[in-house]
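First up is the structure itself, then whatever we jot down about it.
The values are calculated or read from the model by the stated rules, or taken from the named source; none is laboratory data. What you see is a predicted model, and the numbers here were worked out from it, not measured in a lab. Reconstructed Cβ throughout: ideal geometry from the backbone, glycine too, with neighbour counts over all protein chains shown.
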Amino acid sequence: MADNDKIIDGKAFAEALRGRIAGAVSTLKAEHGVTPGLAVVLVGEDPASQVYVRNKAKQTVACGMESFEHRLPAETSQADLLSLIAKLNADDAVHGILVQLPLPDQIEEQAVIDAVDPDKDVDGFHVVNTGRLATGAPAMVPCTPLGCLMMLQDRLGDLSGLEAVIVGRSNIVGKPMAALLTGANCTVTIAHSRTRDLAAVCRRADILVAAVGRPEMIRGDWVKPGAAVIDVGINRVPAAEEGKTRLVGDVAFAEAAEVAGAITPVPGGVGPMTIAVLLRNTVVAACRQAGVTEPEI
Ligand code: GUN
């Protein structure tokens, strides 16, 4: 079994990050009279999304920020959602806007992502932010990959020259993760379902990021001894006990932990970081909109 100091504790890391965010918020209020505000829009009643939104609102307030929640019925039209986004874009008290995904079928996700003011796009999904990230300009950076980078830099320090392999090429995780690790001077490979001899490619990695959404696909013998393994997967699978389920990542944790130098567990690894980074992005957005120098958080 893994010794405990190999495990990257995302829950503790997120808690510490929230502490720094609360400090930055209090300074922003006291010195500049700015209270960062985050608007979260939820369309419909997806139970998992409701839990996320509730947690986001709670943590936003706990860090001293304003939370604006907009719950719309499942049958909301695209035009009505776009008109709410236009109002939030124009509202000076709102520095960050997050529209919870997935959206109901009658609404085209891309049209919604495109409608959010890029400077308020705390998800970092707008194509303007994708472009800014790719070119090294100040961007809103997607929360999950940024959280992964923060944990890697905390554990490894300077990442320059390291071989990074990302399994998964999604717009939300794989591609921005590649941009961030390239920016941190890693040699980056994006692997995916069509990659030949995926196991051999993974074995090259000093940093292995798994973001494919396939339960325990990355095996222990795919991991280079001493590598840092970041598991972005959250997959619900049947548990040993009849009728129960449990969460597993994209990495076979027990096997990989034998070999890795550092590894994130599921749950308790990358997951808790995502909301904390969202709050951090909201503070950054508020500073940029107010013309205040961004604090290091
Ligand atoms: N649904 C699940 N995670 C996320 C997220 O990070 N952002 C948005 N907008 N929707 C989500």
Being over 20 Å from Met65 (Cβ atoms), in contact with a strand residue (DSSP E or B) (Cβ under 8 Å, 6 or more places away or on another chain) and away from the ligand (no atom under 11 Å from the Cβ) is the filter here, so list the residues in region 86-120 that pass it. Pro104, Ile107
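For Val212, indicate whether it is part of a loop (DSSP other than H, G, I, E, B), within 30 Å of Asp119 (Cα to Cα) and at pLDDT 95 or above. Break it down stepwise before answering.
Values: part of a loop (DSSP other than H, G, I, E, B): yes; within 30 Å of Asp119 (Cα to Cα): yes; at pLDDT 95 or above: yes.
The answer is yes for Val212.
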Looking at region 138-157, which of the residues that are touching a residue at least 24 places away in the same chain (Cβ under 8 Å) and surrounded by fewer than 19 Cβ atoms within 10 Å (Cβ to Cβ) is farthest from the ligand (Cβ to nearest atom)? Leu156
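Hey, among Arg236, Arg132, which residue is among the basic types (Lys, Arg), more than 14 Å from the chain's Cα centre (by Cα) and farther than 26 Å from His95 by Cα?
Numbers: Arg132 fails: farther than 26 Å from His95 by Cα.
Exactly one of Arg236, Arg132 is among the basic types (Lys, Arg), more than 14 Å from the chain's Cα centre (by Cα) and farther than 26 Å from His95 by Cα, namely Arg236.
Among the residues of region 60-114, write down those that are of a type in the set (Gly, Ala, Ser) and either under 17 Å from Met140 (Cβ atoms) or in a loop (DSSP other than H, G, I, E, B) (or both).
The initial filter retains those residues of region 60-114 that are of a type in the set (Gly, Ala, Ser), namely 62, 64, 67, 74, 77, 79, 83, 86, 90, 93, 96, 111.
Across region 60-114, the qualifying residues are Gly64, Ala74, Ser77, Ala93, Gly96.
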Consider region 228-241. How many of its residues are surrounded by fewer than 24 Cβ atoms within 10 Å (Cβ to Cβ) and touching a strand residue (DSSP E or B) at 6+ places or on another chain (Cβ under 7 Å)? 6
Within region 145-189, how many residues turn out to be over 25 Å from Pro102 (Cα atoms) and either assigned to a strand (DSSP E or B) or at pLDDT below 95 (or both)? 6
Failed item, numbered, when Val201 is tested on (1) within 28 Å of Val127 (Cβ to Cβ); (2) assigned to a helix (DSSP H, G or I): (1)
Among the residues that make up region 264-275, is at least one of them more than 21 Å from the chain's Cα centre (by Cα), surrounded by fewer than 24 Cβ atoms within 10 Å (Cβ to Cβ) and either away from the ligand (no atom under 16 Å from the Cβ) or within 26 Å of Ser67 (Cα to Cα) (or both)? no
Consider only pairs whose beta carbons are under 8 Å apart and that are at least six residues apart or on different chains; among these, list those whose first residue lies in region 17-28 and is among the basic types (Lys, Arg) and whose second residue is surrounded by 23 or more Cβ atoms within 10 Å (Cβ to Cβ) and assigned to a helix (DSSP H, G or I). Arg18/Ala276; Arg18/Leu279
Restricting region 25-67 to residues that are surrounded by fewer than 14 Cβ atoms within 10 Å (Cβ to Cβ) and aliphatic (A, V, I, L, M), the one farthest from Ala79 (Cα to Cα) turns out to be Ala30
Scan region 124-137 and tell me whether some residue there is within 12 Å of the ligand (Cβ to nearest atom), touching a residue at least 40 places away in the same chain (Cβ under 8 Å) and polar (S, T, N, Q). no
Quick check: is even one residue across region 242-251 under 15 Å from the mean Cα position of the chain (by Cα), within 16 Å of the ligand (Cβ to nearest atom) and surrounded by fewer than 17 Cβ atoms within 10 Å (Cβ to Cβ)? no
